[in-house]
Amino acid sequence: MDVIWLAIIPLNGRIWFIWKTSVKINVLKVSDQFIHCLVENIGSQSSTYLTVICAMEEISKREELWSELLQHTLMPSNPWVLCGDFNNVLHSEDRMGTPATAAETQGFQNLIDVLQFTPLRSKGWQFTWCNKEEGSNRVYGKIDWALGNYDWIQIGDVENEFLNLNTHLFYFN
């Protein structure tokens, strides 16, 4: 299988891409928390938007991320998937050990509602992060997400797989 490796370093080297040679990647925007690109399948002439997220831990920085992503709501209708480490739970059941507050989930939920995205089916680990504390101080959370718009969902049977706790790797079958 022919693959191309590329490390796109948005000031911090936190996001990397690996893709097949049958795919063309056009980077449209790079920030310190995401890379937004158009992915074109050379053989089928189809394309989709892909935004890979590596969100900061601070809530205020994530609020900046949500605002930046909302600027893309005027994009032409095309399949679009957001995936990566959002550093945010979406619902209270996405965390075990310490309750999630409404303040923590509100900005992320608003982003999903406005963009009209749906969490994609996933398999593997339910929780994708652990604070590695001992005993009653241990906290698990689902902070890695793959979200698709209506056009992405219509592509067919797509899912993402969480291969390991604290390993932020996404691939799509």
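The values are calculated or read from the model by the stated rules, or taken from the named source; none is laboratory data. Here the structure is a predicted model, which is why all the values come from computation and not from measurement. Reconstructed Cβ throughout: ideal geometry from the backbone, glycine too, with neighbour counts over all protein chains shown.
Of (1) under 17 Å from Tyr140 (Cα atoms); (2) crowded, with 20+ Cβ neighbours inside 10 Å, Ala100 satisfies all except one. Which? Tallying (1) under 17 Å from Tyr140 (Cα atoms); (2) crowded, with 20+ Cβ neighbours inside 10 Å, Ala100 fails exactly one: (2). Put simply, of Val81, Val89 the only residue that is within 21 Å of Cys37 (Cβ to Cβ), in contact with a strand residue (DSSP E or B) (Cβ under 9 Å, 6 or more places away or on another chain) and of a type in the set (Val, Ile, Thr) is Val81. Determine the pairs where a residue that is farther than 16 Å from Ile15 by Cβ and without any contact (Cβ under 8 Å) to a residue 60 or more places away in the chain, located within region 49-72, has a partner that is part of a helix (DSSP H, G or I) and hydroxyl-bearing (Ser, Thr, Tyr) with Cβ atoms under 8 Å apart, the partner being 6 or more residues away or on another chain. Filtered contacts from region 49-72: no entries.
Matching residues to (1) surrounded by fewer than 18 Cβ atoms within 10 Å (Cβ to Cβ); (2) of a type in the set (D, E, K, R):
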position	(1), (2)
Asn87	no, no
Gln109	yes, no
Gln116	yes, no
Pro119	yes, no
Lys123	yes, yes
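With respect to Leu169, is the statement that it is under 17 Å from Ile35 (Cα atoms), of a type outside the set (Ser, Thr, Tyr), modelled with pLDDT under 90 and surrounded by fewer than 16 Cβ atoms within 10 Å (Cβ to Cβ) true? Lay out the reasoning, then the answer.
On the way: under 17 Å from Ile35 (Cα atoms): yes; of a type outside the set (Ser, Thr, Tyr): yes; modelled with pLDDT under 90: yes; surrounded by fewer than 16 Cβ atoms within 10 Å (Cβ to Cβ): yes.
Against the criterion (under 17 Å from Ile35 (Cα atoms), of a type outside the set (Ser, Thr, Tyr), modelled with pLDDT under 90 and surrounded by fewer than 16 Cβ atoms within 10 Å (Cβ to Cβ)), Leu169 qualifies.
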